[in-house]
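Take a look at the structure below.
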Amino acid sequence: MNSELGRTLNRGVLCWSLIGGLAGCGPKAVSVSQAPASQPSPVPATAPAFDTTAARPIQPRDWLERWALERGADFKLIDSLMDPITAPPPFDREPAPALPAQATITDGVPVLNDVDPFPAPLPLPHKEVTIRSGAARSTYRTRTRQEVLSSLAPLFDLIQREVNVRTSTILYENPKEIYFGLLDGKTQTIISHVFDYLLVRSWLASQEGKRAIPLSWSQAANLPMRTDEEGGKPGHSVLLVVARDAPYRSAADLKGTRLALTANYTYAPGTFVTEVLMGLGHPLDKPFFSKVTLRRYTKDTVIDVIKGKADVACVDEGTVAALDRFYGVAQQVRTLATSPRYDLDVLYTSENNAATYRAEIELTQTQVTTLGKNPEGQEVLFLFDTQAWHNFCTDDFAVAEEHFANFLKFLSQTPVDLKPLLDPHAAIDARTYDRYGDE
């Protein structure tokens, strides 16, 4: 009893001393060296379950905090005096008023709905397919059929939303399938390599009312910085690339070396290597290279050269420019030979289809040339390594037409070294460099 009374008096004296010291009166120093006579009772061994709705208890760090947390008669007296004059004001704020229906963040950008800012897109109504578009293997090259179909599906939804035309796709493996598709009217538009187009055009020329009609051509992505005056569209050449310190100075020095090619990237590389061999006077039925490796991706052919697994790579300009942009390989490789600019893709139709599906073909062509304006179109451009599509003008394919005979020679008299390019069952080296230098 006496100890509890003394403890209460001591705490009261200390509290009044602190208040007086803050107000400029009372004792100047307070001794707190003497600890309280008793300690708080320990926590029971079996604690109740933790209540997530209640405030978590404060664990005092020393005896002064424990003394302050125990609201004895002294602190209760102070609380009764201070709480009325320090009470927080009542909460009187109101929520922000609703924005007007036509509110915008900036010109043409409406304010998002604060309840459902990203509503699900409205499903497209069912519509029968009115036009069929074909994609040739010479266009999608290293991509799988599943990748091509999955990338074109949102594009066809976009075309339906924009121009109310429903499109489907057919994937072709060779120019004969393209020819019969246009001839029978089962396919209205085709996207293929320019050499495929020229070949199909020559076949359709003998059919009355079936001639091929070019619509657009594609601009390759990752164009290199070149200022020469060579004919054709920029960025559509094929290169023979060797290591920077390699001893080769001309194509003739490549005899007996190891060549790396990309599987399914057939027409432009095959035509260019055929032209190189013909220019050297080498018999096409005799091997020129000691080894020819087909790689899964084009970039790996160049890295094979850098890592010494191949001596020369036949690769398109866009791939070399992209590798230099990403990894800076320009200091480690150099170009030994460059093809004419005939490596581009073409969108075309036939005269019989233009007579029966003119409106659908023109609307689809318009959407193809404006792919870069929306995410779906940008995805398709990225998948096909294309920067943009342009409407056809006269002489756009003049360079390819000049070298079309060499393409036919590549098909009819395929060099021994290039026969794996045309063999659908040829072995493909699928190892991939995920990053530059990785094996």
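What follows is calculated from the coordinates using simple rules that are stated; it is not laboratory data. Note that the structure is predicted; figures quoted are calculated from it, not measured. Cβ placement follows ideal geometry from the backbone for every residue including glycine, while neighbour counts extend to all protein chains displayed.
Worth a mention:
- Phi-based couplings in Hz for the stretch 332-345 (Karplus 6.51, -1.76, 1.60; Gly and Pro marked x): 10, 10, 8, 8, 8, 8, 10, 7, x, 8, 10, 9, 9, 9
- Applying 1/(1 + (r/R0)^6) with r as the Cβ-Cβ distance of Lys307 and Thr130 and R0 = 45 angstrom yields a FRET efficiency of 0.35.
- Angstrom value of the Kirkwood radius, inverse mean 1/r, which spans all Cα pairs in the chain: 28.5 Å
- Förster radius 56 Å - calculated FRET efficiency between His425 and Cys393, Cβ distance, rounded to 0.05: 0.90
- At 1.002 mPa s and 20 °C, Stokes diffusion of the stretch 122-246 via Kirkwood alpha-carbon radius, µm² per second: 125 µm²/s
- Between Tyr436, Phe180, Ala355, the Cα set farthest toward the positive side of the dipole of the chain (charges on each charged residue's Cβ, about the Cα centre) is that of Tyr436.
- Linear extension gain, Ala54 paired with Asp245, 0.36 nm per residue minus alpha-carbon span: 61.3 nm
- The gain in end-to-end length when the Ala359 to Ile170 segment is fully stretched comes to 66.0 nm, 0.36 nm per residue minus the alpha carbon separation.
- Residues whose placed amide H lies under 5 Å from that of Ser350, excluding near-sequence neighbours: Ile213
- FRET efficiency for Thr335 and Thr432, using Cβ-Cβ distance with R0 set to 35 Å, rounded to 0.05: 0.90
- Taking 0.36 nm per residue of separation and subtracting the current Cα-Cα distance, fully stretching the chain between Ser290 and Thr369 would add 24.1 nm.
- Taking the chain and dividing mean pair separation by its residue count, relative contact order in percent (alpha carbons under 8 Å, at least six apart): 20 percent
- Out-of-range pairs (alpha-carbon distance over 32 Å; input Lys127/Lys373; Lys127/Lys176; Lys176/Lys286; Lys186/Lys291): Lys186/Lys291
- Quarter of Cα convex hull surface for the stretch 48-195, i.e. mean projection, nm²: 23.2 nm²
- Around the amide H of Leu344, modelled in the peptide plane, lie the amide H atoms of Val194, all under 5 Å away and 5 or more residues distant in sequence or on another chain.
- Separation of the Leu69 and Thr106 label points, Cα + 7 Å toward Cβ, nm: 5.3 nm
- Likely footprinting exposure, Met82, Met278, fewest C-beta neighbours within 10 Å first: Met82, Met278
- Of all aspartates and glutamates in the structure, those lying under 18 Å Cα to Cα from Lys299, and not within fewer than 8 positions of it along the same chain, are Asp311, Asp316, Glu317, Asp324, Asp343, Asp385, Asp429, Asp434, Asp438, Glu439.
- With the simple spin-label model, which puts each label point 7 Å out from Cα in the Cβ direction, the Phe180 to Glu94 separation comes to 7.6 nm.
- Pairwise inverse Cα distances across the stretch 370-432, averaged and inverted, put the Kirkwood hydrodynamic radius at 15.5 Å.
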